[in-house]
1. Give the whole-number value, in cubic angstrom per residue, of the convex hull volume spanned by the C-alpha atoms of segment 93-235.
2. Quick check for me: using +1 on Lys/Arg Cβ and -1 on Asp/Glu Cβ, what's the dipole size of the chain about its Cα centre, in debye to the nearest 20?
3. Cα centroid distance between segment 16-48 and segment 71-126, in Å?
4. Could you list Met324, Met405, Met33 so that the one with the fewest beta carbons within 10 Å of its beta carbon is first and the one with the most is last?
5. Which one, Ile393, Pro179, Gln206, projects farthest toward the positive side of the charge dipole computed for the chain from Cβ point charges (K/R +1, D/E -1)?
6. In whole angstrom, note down how far apart the Cα centers of segment 178-214 and segment 353-383 are.
7. For segment 395-514, what is the charge dipole size about the Cα centre, in debye to the nearest 20, if Lys and Arg each add +1 at the Cβ and Asp and Glu each add -1 at the Cβ?
8. Under the √(5λ) rule applied to the eigenvalues of the Cα gyration tensor, what semi-axes describe the equivalent ellipsoid of segment 140-191? Give them in Å, descending.
Amino acid sequence: MSRAYDMVKNEPNRIIIFDTTLRDGEQSPGCAMNLEQKLKMARVLDQLGVDVIEAGFPIASPGDFEAVNEIAKVVKNATICGLSRAKRADIEAAAKAIEPAASRRIHTFISTSPLHMKHKLQMEPDAVLEAIKDSITFARSFTDDVEWSAEDASRTQKDFLCRSVESAINAGATTINIPDTVGYAMPDEYAQLIAMLFERVPNIDQAIISTHCHNDLGVGVANSLAGVKAGARQVECTINGIGERAGNAAMEEIVMALRTRHDLMPYTNGIETTRIIKASRILSSITSFSVQPNKAIVGANAFAHASGIHQDGMLKNANTYEIMTPESVGLGASKLVMSKHSGSHAFRERVKELGYDMEENSLGELFTRFKKLADSKREVFEDDIIALIQDHIIGENDLIKLVSMEVRAGTKGPQTAEITLSLGGEEKTAKVEGNGPVDAIFKAMREIFPHPDAELQLYQVKAVTGGTDAQAEAQVRLEENGKAVMGSGADVDTLVASTKAYVHALNKLVLRRESFNPQTEGV
């Protein structure tokens, strides 16, 4: 049997945390990651204590195959999972990709709802049942840890779902996933669906039941927790809740709900919660997807108290308005005020306190940038350092790099930008006039690196901290052939930040062009 199955059998209230940030999460528009970024995130997830890492969809592209294969080599503790459709070529690719892992899982799926079977698969129910049996039997020839998902389970006819689940278990699946693929179900409804399977499927005790809930109606976490209370013992989720459309159930919310309300949900898991903030911030820096300030657990305002009444209560007893401590998720109080007089040791300690593990070379480069920033600001705040770190991480492995820029702006005009970019080591320069300095900058980059099919969908700038000397953080979204990418950049010069953001988006555009996803992308 699989490691997860044995774990739950030995500890019936143990919840398996299945993270799909690197697979379903990466399918978010603009969230494409390169190999180094995926390896960095996989290590973070392993340190966090995730039980299963769904590392990717190996058949999707050579890049996805390589990423899953490399992750399988470096991850020490978690089970490495590869996704596949109910096709032999998919299953073979997944099996080969995960082969180096100490603990391996193949996750195969097929649609079971009438809508999907008719319009997507164009298959009759009996043919789907046969495909379930054949795909799982074939997957079991590579590993004894096979997960099967009934895509669009929440809109599947109950009788057919029961037959499908029974067939999957008979064929050798040790985990059965019941996805709310389009985020359609409500918590009571989803709980009843899980309970119904336990009542009606005769061999249900031979597998772990899993949840995979999307957040289209904002109830992904609620549905997942309802599924757990109904008997599910695996939860599929992502860091920061990223994923297709409105995203997936957020891991940090599920884990902290289980911890905080242990009185109502007496379940355990292996997540080291003090590493949650670190995981959230690293993912945000890699994807350029900022976490909304009021996001539960990891948002900037999650432990902030502005109301006078709330502040008074907090001063008297923190439990009056905090149901969990900031420290429990890895958010420590800021103890050091950083300035141009701060030394490298204090800086290194602050970086560690913020949850980042960086190599000595990277820390040295970062400290040089910090000192340059500190020369232009009286005080360097925590958010400034985070912006520096994220900006550094973003540019580490970029093919396109900003070498220099010079801009002319003002009322007299014309507004011009002279930009030099390095394209794989070769420097190219363009000097362009525009309708304003930002327009000139973006036009210059289009001239250096042509991308006629990519449209600018979003450009926005915000101050990282308060004051006129604050760093600016810019975001750029480009869309090409229906695929969107997000770029971000930070600098005390707003125009430099804008240029960095566009360059970052271009690098992700190149990465997106190199990838190929099958028509069916997952559950």
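Values quoted throughout were computed directly from the atomic coordinates according to the rules given, and no laboratory measurement underlies them. From a predicted model like this one, the values you see are computed outputs, not experimental measurements. When we count neighbours, we look across all protein chains shown, and the Cβ atoms used for this are built from the backbone with ideal geometry, even at glycine.
1. Details: hull volume 15.6 nm³, N = 143.
Each residue corresponds to 109 Å³ of Cα convex hull volume.
2. Charge dipole, the chain, about its Cα centre: 460 debye, nearest 20.
3. 17 Å
4. Numbers: Met324 15, Met405 19, Met33 22.
Least crowded to most crowded, the residues run Met324, Met405, Met33.
5. Ile393
6. Between the Cα centres of segment 178-214 and segment 353-383 lies a distance of 47 Å.
7. Charge dipole, segment 395-514, about its Cα centre: 180 debye, nearest 20.
8. 23, 12, 8
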